[in-house]
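Written out below as structure tokens is the structure these notes cover.
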Amino acid sequence: MDLELAGRNVLITGGSSGLGLGLAHTLVKEGANVLLVGRNADKLDAAAHDLSAAGTQVLTVPADVRNADDLQSAIDTAEREWGRLDGLVNNAGFHTGSGFETTTDDEWQMDFELKLLAKIRGIRQSLPLLRKSDAPAVLNVLSIYARFQPNKSMPSSVYRAAGLALTNGLSRDLAADRIRVNALLIGFVHSDQWVRGAAATGADVEEWEANRAEQMRIPLGRVGRTEEFADVAAFLLSSRASYLTGTALNVDGGLSMVV
Ligand SMILES: NC(=O)c1ccc[n+]([C@@H]2O[C@H](COP(=O)([O-])OP(=O)(O)OC[C@H]3O[C@@H](n4cnc5c(N)ncnc54)[C@H](OP(=O)(O)O)[C@@H]3O)[C@@H](O)[C@H]2O)c1
């Protein structure tokens, strides 16, 4: 199946590692141009170096998505280089999860800015460029905890649920502009944040992930591969998904109890 992504221009927040970088690899193989956003310039440079072998345009902008001016500088780069955006992937983030009583106001505020306000601003500030595309798509990377909220999942699960509401509402608001808005709800998929998690305990990452997958009782019996996330994400961004909007797919090996 030809995803018809060749020549498409996609901005990925959190594109310098983990799931975002995995998606960038899939997109450049399909012939798309990518603009990666992350805070650490060295990580962005390393990612761009690896991605450049595919021969498409790879741009990077060091930016903190919690800052509206930083976000605008990334969007300005897309405008200057491409004049339009075909895809916006709101992916930047990392796991947070603690008990309600122990979560501080600062932690609520930080997670709100990272997981919700950054998506709101990123979409709003990208609208002029998305409207210039003949097949624009927004993809919000969320978690399965958007649909059910287990113990000690604060503050993340609250903002994931809000991200799902944003996806659903915007799919209607932006349909007049033919901008599709979808979400992926991730369960447990291999990424750099779990490499760091394993390293913090001194464990081998494969063993650590296998143990967690077993404890979590993932029905398919294993952690997801980054490429498995990237394939679904690339499909949702592509014109092959042209009739899908307002959809949220679980990428979780069957872990979620909610479809
Ligand atoms: N992997 C999973 O199993 C899983 C499960 C549920 C949800 N998710 C969600 O999937 C998304 C990707 O996670 P991942 O697992 O790929 O994590 P990761 O490997 O740690 O990658 C996170 C990316 O986000 C960037 N980032 C973090 N904070 C940022 C900020 N304030 N501004 C700009 N960029 C920022 C990081 O770069 P810098 O640090 O350089 O900024 C990095 O590129 C996140 O939203 C995460 O919560 C993942």
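Quick check, is Gly187 within 15 Å of the ligand (Cβ to nearest atom) and of a type outside the set (Phe, Trp, Tyr)? Spelling it out, Gly187 is indeed within 15 Å of the ligand (Cβ to nearest atom) and of a type outside the set (Phe, Trp, Tyr). Residue under question is Gly99, and the condition is that it be within 15 Å of the ligand (Cβ to nearest atom), out of contact with any Asp or Glu (no Cβ under 6 Å at 6 or more places or on another chain) and not aromatic (Phe, Trp, Tyr); does it hold? Criteria not met by Gly99. Going by the conditions given, is Gln57 out of contact with any Cys (no Cβ under 8 Å at 6 or more places or on another chain), farther than 25 Å from Leu184 by Cβ, of a type outside the set (Phe, Trp, Tyr) and at pLDDT 95 or above? Spelling it out, it is not the case that Gln57 is out of contact with any Cys (no Cβ under 8 Å at 6 or more places or on another chain), farther than 25 Å from Leu184 by Cβ, of a type outside the set (Phe, Trp, Tyr) and at pLDDT 95 or above. Residue pairs whose Cβ atoms lie under 6 Å apart, separated by 6 or more positions or on different chains, with the first residue in segment 60-89 and within 18 Å of Leu44 (Cβ to Cβ) and the second open to solvent by 40 Å² or more (accessible area, probe 1.4 Å) and of a type in the set (D, E, K, R), are Ala63/Asp70; Asp64/Arg39; Asp64/Asp70; Arg66/Glu113; Leu71/Arg121.
Within segment 118-127, one or more residues are without any contact (Cβ under 8 Å) to a residue 24 or more places away in the chain, open to solvent by 30 Å² or more (accessible area, probe 1.4 Å) and away from the ligand (no atom under 13 Å from the Cβ).
Listed by first and then second residue, the pairs with beta-carbon distance under 6 Å, at least 6 apart or on different chains, first residue in segment 33-58 and farther than 18 Å from Thr13 by Cβ, second open to solvent by 30 Å² or more (accessible area, probe 1.4 Å) and more than 9 Å from the ligand (Cβ to nearest atom), are Ser52/Val58; Ala54/Lys29.
Exactly one residue out of Ala92, Ala74, Ala146 is surrounded by 17 or more Cβ atoms within 10 Å (Cβ to Cβ), within 14 Å of the ligand (Cβ to nearest atom), farther than 22 Å from Thr26 by Cβ and modelled with pLDDT of 95 or more, and it is Ala146. Do you know which residues across segment 1-27 are within 18 Å of the chain's Cα centre (by Cα) and away from the ligand (no atom under 16 Å from the Cβ)? Once the filter is applied, which keeps residues that are within 18 Å of the chain's Cα centre (by Cα) and away from the ligand (no atom under 16 Å from the Cβ), segment 1-27 yields Leu5, Arg8, Asn9. On the stretch given as segment 154-163, residues that are away from the ligand (no atom under 11 Å from the Cβ) and either among the small types (Gly, Ala, Ser) or open to solvent by less than 40 Å² (accessible area, probe 1.4 Å) (or both) total 3.
The values are calculated or read from the model by the stated rules, or taken from the named source; none is laboratory data. What you see is a predicted model; the values in this text were computed from it and never measured. Counting neighbours? That spans all protein chains shown, and the Cβs are built from the backbone with ideal geometry, glycine included. These area figures cover heavy atoms from the full protein model, side chains too; ligands, DNA and RNA do not enter into them. Shrake-Rupley method; radii C 1.70, N 1.55, O 1.52, S 1.80 Å.
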